[in-house]
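The values are calculated or read from the model by the stated rules, or taken from the named source; none is laboratory data. Bear in mind that the values here come from a model prediction, so they are computed numbers and not experimental data. When we count neighbours, we look across all protein chains shown, and the Cβ atoms used for this are built from the backbone with ideal geometry, even at glycine. Heads up: the accessible areas ignore ligands, DNA and RNA and are worked out on the full protein's heavy atoms, side chains in. Shrake-Rupley method; radii C 1.70, N 1.55, O 1.52, S 1.80 Å.
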Amino acid sequence: MGNEFRVRFAPSPTGKLHIGNARTAVLNWLLARKESGAFILRIEDTDLERSTVESEKSIIEDMHWLGLDWNEGPDKGGPFEPYRQSERGEFYCKAAKLLVERELAYYCHMTDEDMENFRREHLVRGESPVYRGEMSGPNTPGESGKPTSIRFRVGPGASSWKDLVKGNVSIDHGNIGDFIILRSDERPTYNFAVVVDDIAMGISHVIRGDDHLSNTPRQLMLYAGLGADPPVFAHIPMILGPDNQRLSKRHGAISVSEYRAEGYLPEALINYLSLLSWSSESGEDFLPPERLKAEIGFTRLGKSAAVFDRTKLRWLNGKYIRALEKERLGELLATFAGKRAQAFSPEQFGLIVSACREKLEVLTDIRKQLDNFSGETPRIEDAEDQALLGSEEARKVLSEMARRLREQDSAGVEEMKSLFKSVGKAVSVEGKMLYMPVRLALTGRRHGPELPMIMTVLGSHRCAKLLEQAAGVSG
Ligand code: GLU
């Protein structure tokens, strides 16, 4: 391993892939690719009550969807198998016993209740409840008949490290009590399992959210105790909601699967999440994964927390939608439109895709856009719209257009375009008063995709009927 660049994403499978965790995964992945290193997926499922197989599956599915690929992982195998912590019990037991042998850890016979009492008594006396082994009992396994855990002895002083994002960090051990590394049922605690695994898997850089900052001193002590060099740490600032509070459910969608269902594209999400933590030297926002991989670097990672800006994400997603090949976009939009897409022939749907492409920010926007092509008689309720349709000019446009449409069986986009020219000339109307009545009559809306495209999809006769109805209703 030596100088190899090896990073890992280590989700706990206790729910869906959260957007903040996805950002951690994306950064690890991009940096691994940039440095020609390895990206490892490790499932941290030691919390048996909260971890589920379904969560693991859905996290992996979302990571695949995002387009993240890993070199080693539970589904892929690799030189340091297994990659699921629940299957690595023997490594934790061995390491814990080693620390006991080195007198850096000790058996502890306290129950949770004992610990609670310890805490309470100290707090009552106004002392901070920092535990230093006072009540642990004999340093032998299982003699007292009570559950026996293994606790790490916290030494004096402070843990200091040079964080690639935070700079020099130093945290005093004064408030860190001796902590359990192996529970009485031999399950490891989070800090311990992470360190044992990161050593075993040769992790060179730990890139994670700064909510883990307070864990780092404990982890550094464990590295020293196990005689291993610690990795380089990079603690990235949290993502905040618009109210500057940590991003949570009350800010709206927070899982990757919700964004997927809303019609975001994986490249857009990767681009956006990645730029929440760093900026490209070029200052550009639209950076597809290949460019992100080339341009990202530790020195460009930002120190301050970023606010999650949905409007910007939507805008960026719109750009990715427009960058898609038309055929691929058509397939995606047909999926998002569901049954409603079946009302159209492939040719019609192709036209709809061309007509709407500029108007979409997320793929689900197609549902609203399809209303423009329903061919149903729209209800015109707005007084201004009614007045517009009732005007002399509008009636002339509608009747003339309907008459000409009746004369042609089928027409393409170009013929529909020239129809506007000839009708405009014939009734001496142009501009807004030529187009708006037709749009209102066909869709009931003032804005939408280009009219000749809508008309081509609806067909001459359907259009004529709708225009006649509008002229009649208003007349
Ligand atoms: N399993 C931890 C989490 O989901 C990650 C641990 C780490 O990155 O050190 O937050």
Quiz item: Does the range 240-341 come out rounded, prolate or oblate by the C-alpha gyration tensor, with a ≥ b ≥ c the root eigenvalues, rounded set by a/c under 1.5 and, if not, prolate when a/b is larger than b/c and oblate if not?
Solution: oblate
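Tell me what the chain gives for mean residue ellipticity at 222 nm when only DSSP H runs of n ≥ 4 count, each as -39,500 (n - 2.57), the sum divided by the residue total, rounded to 500 deg cm²/dmol. Don't skip to the answer; put the middle values down first.
Numbers: 19 runs with 218 residues, N = 475.
That calculation yields -14000 deg cm²/dmol at 222 nm.
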Quiz item: Looking at the chain from every direction and averaging, what is the projected area of its Cα convex hull in nm²?
Solution: 29.6
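Please compute the length gained on full extension between residue 47 and residue 115, using 0.36 nm multiplied by the number of residues separating them and subtracting their Cα-Cα distance. Walk me through the numbers before you get to the answer.
On the way: separation 68, 0.36 × 68 = 24.48 nm, distance 2.02 nm.
Roughly 22.5 nm would be gained on extension.
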Practice problem: Quote the FRET efficiency, to the nearest 0.05, computed for residue 309 versus residue 139 with a Förster distance R0 of 51 Å and r equal to the Cβ-Cβ distance. | Solution: 0.40
Quiz item: Extension gain residue 445-residue 345, at 0.36 nm per residue separation less the Cα-Cα distance, in nm?
Solution: 33.6 nm
Quiz item: Using modelled amide H (1.01 Å from N, peptide plane; none on Pro or chain starts), what sits under 5 Å from the amide H of residue 158, excluding residues fewer than 5 places away?
Solution: 173
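Kindly state, as a whole number, the per residue volume in cubic angstrom of the convex hull around the alpha carbon atoms of the range 350-475. Show your work: numbers first, answer last.
On the way: hull volume 12.3 nm³, N = 126.
Hull volume over Cα atoms, normalised by residue count, gives 97 Å³.
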Practice problem: Describe numerically, in nm with one decimal, the distance between label points set 7 Å from Cα along Cα→Cβ at residue 175 and at residue 57. | Solution: 4.3
Practice problem: Determine which residues of the range 264-304 fall in the zone a paramagnetic label at residue 229 would reach in this model, i.e. backbone nitrogen under 20 Å from the point 7 Å along Cα→Cβ. | Solution: 298-299
Quiz item: Label-point separation (nm) for residue 75 and residue 34, each offset 7 Å from Cα along Cα-to-Cβ?
Solution: 2.6
Exercise. In vacuum, with every alpha carbon of the range 159-199 counted as one equal point scatterer, what does the Debye formula give for log10 I(q)/I(0) at q = 0.20, 0.24, 0.28 Å⁻¹? Two decimals, please.
Key: -0.82, -0.94, -0.97
Self-check item: Cα centroid separation - the range 167-228 against the range 431-475, whole Å
Solution: 67
Quiz item: Given the Cα-Cα distance of residue 384 and residue 261 and 0.36 nm per residue of separation, how much length would full extension add, in nm?
Solution: 40.6 nm
Quiz item: So, with a 1.4 angstrom probe, what is the percent of accessible area on the chain that is carbon and sulfur?
Solution: 49
